[in-house]
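This report concerns only the one structure given below.
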Amino acid sequence: MASRRDFLHQGLRLTALGLVAVPLIDAHAARASGRDQLETPSTEMEPPPDLFDAQVVDIDFWVKPRTLSVSRPASGEKASVLYWKDGEVIDSAYQELCHLLRDVNGKAAIPIDPKLIETLWASQAFVARYGLDRPLEILSGYRTPASNNRLIEQGVPAARQSLHMSGKAADVRIAGLTEEVLGGLVKSFRKGGVGFYYRSGPKGGWIHTDTGLNRTWKG
């Protein structure tokens, strides 16, 4: 009888329910130098436990120093910030992350919920354990009420009482991961709401994550 590990190796494209899922790797992110085919995964790379079930991580995962690497396409900023070490938040680094998660268009920043930063770091750190060590793209962090209303007027998905306006939500993606896979990982942390925003095209969609009630939706 095949072991559970063998099953995971063979079923990398299956969900926990046994249904065919969106491929683990985003085809658009995998293309380079005109290549149209997905690059062959490293044979040394093992699939994540339970296909990105963060509830199985060991205690060492949570006590090690935390460095969050982010990029902001809207401003062109990139940074790698060590913000937590020896059980304490490094205040200057936290302030830097609040700035990186600011409303780029509204040119304003507020304190970001530390639990949101924890979810962002954990998502990036978890997939890095399996060879996908890439920056977390922040498409939207804090939004001023004016910026949020502007999005609504433009027909962009945005709630009138959005948690973005209180520094408790972010829209993110990681190059190489589909919305289905990244969203499933964020959801498995059970830290709040998760919205799956599927979009076609070279850049794909994104995942909304917040520190509100545990809930999921598709937009």
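The values are calculated or read from the model by the stated rules, or taken from the named source; none is laboratory data. This one's a predicted model, so the numbers in the text were calculated from it and none came from an experiment. Neighbour counts are summed over all protein chains in view; Cβ atoms, including those assigned to glycine, are modelled from backbone coordinates with ideal geometry. Note: areas computed on protein heavy atoms with side chains; ligands, DNA, RNA excluded. Shrake-Rupley method; radii C 1.70, N 1.55, O 1.52, S 1.80 Å.
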Where ILE138 falls short, out of the listed (1) closer than 25 Å to LYS64 by Cβ; (2) in a helix (DSSP H, G or I); (3) at pLDDT 95 or above:
(2)
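If the requirement is being in contact (Cβ under 8 Å) with a residue 24 or more places away in the chain and open to solvent by 60 Å² or more (accessible area, probe 1.4 Å), which of these qualifies: PRO135, PRO145? Write out each step before concluding.
Working: PRO145 fails: in contact (Cβ under 8 Å) with a residue 24 or more places away in the chain.
The unique qualifying residue is PRO135.
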Of everything in the range 197-207 that's open to solvent by 20 Å² or more (accessible area, probe 1.4 Å) and part of a strand (DSSP E or B), which residue is farthest from ASP133 (Cα to Cα)?
TYR197
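Let's see how each residue does on (1) within 10 Å of the chain's Cα centre (by Cα); (2) assigned to a helix (DSSP H, G or I); (3) modelled with pLDDT of 95 or more; (4) not small (Gly, Ala, Ser):
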| site | (1), (2), (3), (4) |
| --- | --- |
| GLY155 | no, no, no, no |
| ALA158 | no, no, no, no |
| MET165 | no, yes, yes, yes |
| VAL172 | yes, no, yes, yes |
| VAL181 | yes, yes, no, yes |
| LEU185 | yes, yes, no, yes |
| ARG190 | no, no, no, yes |
